[in-house]
Amino acid sequence: MNIHIADKIAYFFIAFALYLLLRAFSEVHTAPLTNILLYVSIAISLLASNIPRVVDIPLHCVYPVRCVEIFSFGLALVCFLVLCMRHMFI
């Protein structure tokens, strides 16, 4: 079984996304909603960008997966900016 370096990186990001999801759902009652939303949106973006690299998906699913990736990345950026603003002004 010959796994290329790009596949290893993709598997690492998938594992990191699963870790972020587990962390977000384990801290759902203690952490602020912005943190949870940041973790979940980063995880969804990582999954949407790396799963098609290691799993063959039908061509008609490529565009919706790309849209989900871009939306979740934008949501992660907004959450990150909100967290930065909150830490700067409080």
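The values are calculated or read from the model by the stated rules, or taken from the named source; none is laboratory data. Please read these numbers as outputs of a predicted model, since none were measured by experiment. Here Cβ is always computed from backbone atoms with ideal geometry, including for glycine, and neighbour counts include all displayed protein chains. Ligands, DNA and RNA are stripped out before the accessible areas are found, and what is left, the full protein with its side chains, is counted by its heavy atoms. Shrake-Rupley method; radii C 1.70, N 1.55, O 1.52, S 1.80 Å.
Under a Gaussian network description of the chain, with springs only between Cα atoms under 10 Å, the residue in A76, A48, A15 that fluctuates furthest is A15. For Cα extents along the principal axes in Å, the value calculated from this model appears in (i) 51, 27, 22; (ii) 40, 24, 24; (iii) 61, 39, 13 under label (i).
In the context of the full set of protein chains, residues of the chain present 74 Å² of accessible surface per residue (probe radius 1.4 Å, heavy atoms only). Within the accessible surface of the stretch 1-89, defined with a 1.4 Å probe on protein heavy atoms only, the carbon and sulfur portion equals 74 percent.
Using 0.36 nm per residue of separation minus the Cα-Cα distance, give me the extension gain between V68 and D56 in nm, one decimal.
Details: separation 12, 0.36 × 12 = 4.32 nm, distance 1.73 nm.
Extra length available between V68 and D56 comes to 2.6 nm.
A probe of 1.4 angstrom, applied to the heavy atoms of all protein chains, finds V78 with accessible area near 80 square angstrom.
Given a 1.4 Å probe and heavy atoms of the protein chains only, how would you sort L77, L83, largest accessible area at the top?
Details: L77 85, L83 20 Å².
Final ranking, largest accessible area leading: L77, L83.
What dipole magnitude, in Debye to the nearest 20, does the chain give about its Cα centre under +1 on Lys/Arg Cβ and -1 on Asp/Glu Cβ? Spell out each step's value before the answer.
Working: 5 positive and 4 negative charges, 27 e Å.
So the dipole magnitude of the chain works out to roughly 120 debye.
Measuring from a point 7 Å past the Cα of T34 along Cα-to-C-beta, which residues in the stretch 50-90 have an amide N at less than 19 Å? In the stretch 50-90, the label zone of T34 (backbone N under 19 Å from the point 7 Å along Cα→Cβ) covers 72-90.
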